[in-house]
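S.K.: Okay, handing you the structure first.
The values are calculated or read from the model by the stated rules, or taken from the named source; none is laboratory data. This structure is a prediction, so every number in the text was calculated from the model and none was measured. Cβ coordinates were reconstructed from backbone atoms using ideal geometry, including for glycine residues, and neighbour counts include every protein chain displayed. To get the accessible areas, we keep the full protein, side chains included, count just its heavy atoms, and leave off ligands, DNA and RNA. Shrake-Rupley method; radii C 1.70, N 1.55, O 1.52, S 1.80 Å.
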Amino acid sequence: MDKGSSRRRRRRIPAVLDHRAVRGAPAARGRAIGVDIGGTKVAAGVVDGEGQVLAEDTRATPGDDPRAVEQVIAELVRGLADHYRIGSVGVGAAGWIDLGGGTVLFSPHLAWRHEPLRANLQVLLGRRVLVANDADAAAWAEWRFGAGRGQRRLVCITLGTGIGGAMIIDGRIERGNWGVAGEFGHQILVPHGHRCECGNRGCWEQYASGNALGREARELAAAHSPVSLEWLRAAGGRIEGITGALVTRLALAGHAASRDLLEDAGEWLGIGLANLAAALDPGMFVVGGGLCEAGELLLGPARHAFARNLTGRGFRPAAPIRLAVLGPKAGMVGAADLSRQGRNGAGWPR
């Protein structure tokens, strides 16, 4: 909330603003709301022109009901707009977005199937909304304000419920022919491997994501492995309470079995990055998302596996692997900035 608001009577700003009414106002041009829709939570924040988050709010994602997700987004936006004058709204959605930025074609972790998300939100909010893939939004934020600033060819990987990805080339998000480029988490690394929510088997995200980390720990607990005792204790005795976040927290506290699982995930991460380097030859990889709270416990093994599996190793430059600096806020920061600039890879809808 703006400083001094408690000392003076605030002029109430309506939750829905007309673009013509705020055109030319510095506050409206500088501030935007970014919404990041993930598999487990919806996060929204007011972001200024320098990428700073001024206020934020989160809700659990009602993943099995598209209408409920849209209502949550609208409530978050209205709540933030009650306290800040906003110029634009951008939404980063965990799914495959069509090239025009209007429809979520498919989401492995949510119930979106050819969902007209932009049109539905514009009806709810009474204003234009920019919709982008959540990983595209996070990559844009890191390129504009974070670890990838100034890179000509940047690949960004987000490790959370699954694995998201995006590529920025010469200041432009590369979205492919139909708008669905960057789904790196669904490259198949292990034929006939673990079943993925996308319908395939052996996808990269089944081995190097937060979900994969939690699954491995739960399997050990279900097998009554003695190494799982600390996980069960931390989860209140419930196997289903063992998550990737819990394993990461225990690893940072020094738990040996948790560190082993993170090392495994890091190795899979490095192998996938080596594949991407062979195909895309970026100048830098930036890795973010909730799993990266593990820091070097994850990235150390990833760098080692990357160097060991990089095609042409020893005879070619190797892209550095950097930790994202915007953390879990990257998606909302990027979505807000894209909306402020009116860019989603195809521009604002007409």
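S.K.: Rg (Å, one decimal) plus Dmax (Å, integer) for the alpha carbons of the range 231-275?
M.R.: For the range 231-275, the Cα-based Rg and Dmax read 12.2, 39 Å.
S.K.: Further question: Got a number for carbon plus sulfur as a percent of the range 32-152's accessible area, 1.4 Å probe?
M.R.: On the way: 2030 of 4200 Å².
Answer for the range 32-152 is 48 percent, counting heavy atoms of protein chains only.
S.K.: Another question, then. Amide H of V91: which non-local residues (sequence gap of 5 or more, or other chain) have their own amide H closer than 5 Å, using H built in the peptide plane?
M.R.: Sorted by chain and number, the residues that satisfy this are V35, L130, V131, A132.
S.K.: So how strong a dipole does the range 53-136 carry about its Cα centre when Lys and Arg Cβ are +1 and Asp and Glu Cβ are -1, to the nearest 20 debye? It would help to have the intermediate numbers written out before the result.
M.R.: Details: 8 positive and 11 negative charges, 63 e Å.
Using Cβ point charges on Lys, Arg, Asp and Glu, the range 53-136 gives about 300 debye.
S.K.: Probe radius 1.4 Å, ligands and nucleic acids left out: which of H186, H109 has the largest accessible area, and how do the rest follow? Mind dumping the intermediate values first?
M.R.: Details: H186 30, H109 55 Å².
Final ranking, largest accessible area leading: H109, H186.
S.K.: If you don't mind, there's one more thing I want to ask. Quick one: length gained pulling K41 to R59 fully straight, 0.36 nm per residue minus the C-alpha distance? Working shown, then result.
M.R.: Details: separation 18, 0.36 × 18 = 6.48 nm, distance 0.57 nm.
Length gained, K41 through R59: 5.9 nm.
S.K.: Near D57, within a Cβ-to-Cβ distance under 12 Å, what is the net charge of the other residues, with Lys and Arg +1 and Asp and Glu -1? Walk me through the intermediate numbers first.
M.R.: Details: positive: K41, R59, R78; negative: D36, E56, E75, D82.
Around D57, the surrounding residues sum to -1.
S.K.: If you don't mind, another one. With a probe of 1.4 Å, find how much accessible area the chain has per residue, and write the answer as a whole number in Å².
M.R.: Working: 15590 Å² over 350 residues.
Roughly 45 Å² per residue, with all protein chains present.
S.K.: Counting other Cβ atoms within 10 Å of each Cβ, which trypsin sites (Lys or Arg not before Pro) in the range 206-314 have at most 15 and sit in a DSSP loop? Intermediate values should be presented prior to the final figure.
M.R.: Values: sites: R215, R218, R233, R238, R249, R259, R303, R308, R313; in loops: R238, R313.
Hits after loop and neighbour filter: R238, R313.
S.K.: Could I ask something else about it? Which whole-number percentage describes the relative contact order of the range 270-337, with Cα contacts under 8 Å and a sequence gap of 6 or more? Could you put the intermediate results ahead of the total?
M.R.: Working: 62 pairs, mean separation 33.0, N = 68.
Relative contact order for the range 270-337 comes out at 49 percent.
S.K.: Follow-up. Please work out, to two decimal places, the log10 of the ratio I(q)/I(0) at q = 0.20 Å⁻¹ from a Debye calculation in which every Cα of the range 61-178 carries one identical scatterer.
M.R.: -1.18
S.K.: So who's got an amide H within less than 5 Å of the one on R322, skipping anything under 5 residues away but keeping other chains? H placed 1.01 Å off N, in plane.
M.R.: Those qualifying (amide H under 5 Å, at least 5 residues apart or on another chain) are F285, V286, V287.
S.K.: Please compute the contact order of the chain in relative form: average sequence separation of alpha-carbon pairs under 8 Å and at least six residues apart, divided by the residue count, as a percent. The partial results should precede the final answer.
M.R.: On the way: 780 pairs, mean separation 70.9, N = 350.
With pairs under 8 Å counted, the relative contact order is 20 percent.
S.K.: Rg and Dmax of the range 134-214, using alpha carbons, in Å: what are they?
M.R.: So, for the range 134-214, Rg and Dmax equal 13.5, 40 Å respectively.
S.K.: Once you treat every alpha carbon in the range 28-118 as an equal point and sum by Debye, what is log10 I(q)/I(0) at q = 0.16, 0.20, 0.25 Å⁻¹?
M.R.: These q points yield log10 I(q)/I(0) values of -0.62, -0.92, -1.22.
S.K.: Taking chymotrypsin sites (Phe, Trp or Tyr not before Pro) as candidate sites, keep only those in a DSSP loop with at most 13 other Cβ atoms within 10 Å, then name the longest stretch of the chain containing none of them.
M.R.: Values: sites that count: W178, F315.
Longest stretch, sites excluded: 1-177.
S.K.: Also: Using a basic spin-label model with each label point 7 Å from the Cα along Cα→Cβ, how many nm lie between L252 and H192?
M.R.: Going from the L252 label point to the H192 one covers 4.0 nm.
S.K.: Can you tell me the convex hull volume per residue for the range 203-350, based on C-alpha atoms, in Å³ to the nearest whole number? Can you show the working numbers first?
M.R.: Values: hull volume 22.1 nm³, N = 148.
Roughly 149 Å³ of hull volume per residue.
S.K.: Could you calculate the contour length gain from Q341 to R149, that is, 0.36 nm times the residue separation minus the distance between their Cα atoms, to one decimal place in nm?
M.R.: Values: separation 192, 0.36 × 192 = 69.12 nm, distance 1.71 nm.
Full-extension gain reported as 67.4 nm.
S.K.: Counting just the Cα atoms, what span does the chain cover along each of its three principal axes? Round to the nearest Å and put the largest first.
M.R.: 61, 50, 39
S.K.: Right, something else. What would the Debye formula give as log10 I(q)/I(0) at q = 0.16, 0.20, 0.26, 0.27 Å⁻¹ for the alpha-carbon point model of the range 188-254, no solvent?
M.R.: Scattering profile of the range 188-254, log10 relative to I(0): -0.56, -0.78, -1.04, -1.08.
S.K.: Another question, then. Tabulate in residue order the Karplus-calculated ³J(HN,Hα) for the range 320-334, using 6.51 cos²θ - 1.76 cosθ + 1.60 with θ = phi - 60°, rounded to whole Hz; enter x for Gly and Pro.
M.R.: Per residue, the Karplus-derived 3J(HN,Hα) values read x, 10, 10, 7, 4, 9, 8, x, x, 8, 4, x, 5, 5, x Hz.
S.K.: Please report the projected area of the range 261-341's Cα convex hull averaged over all directions, in nm².
M.R.: 5.9 nm²
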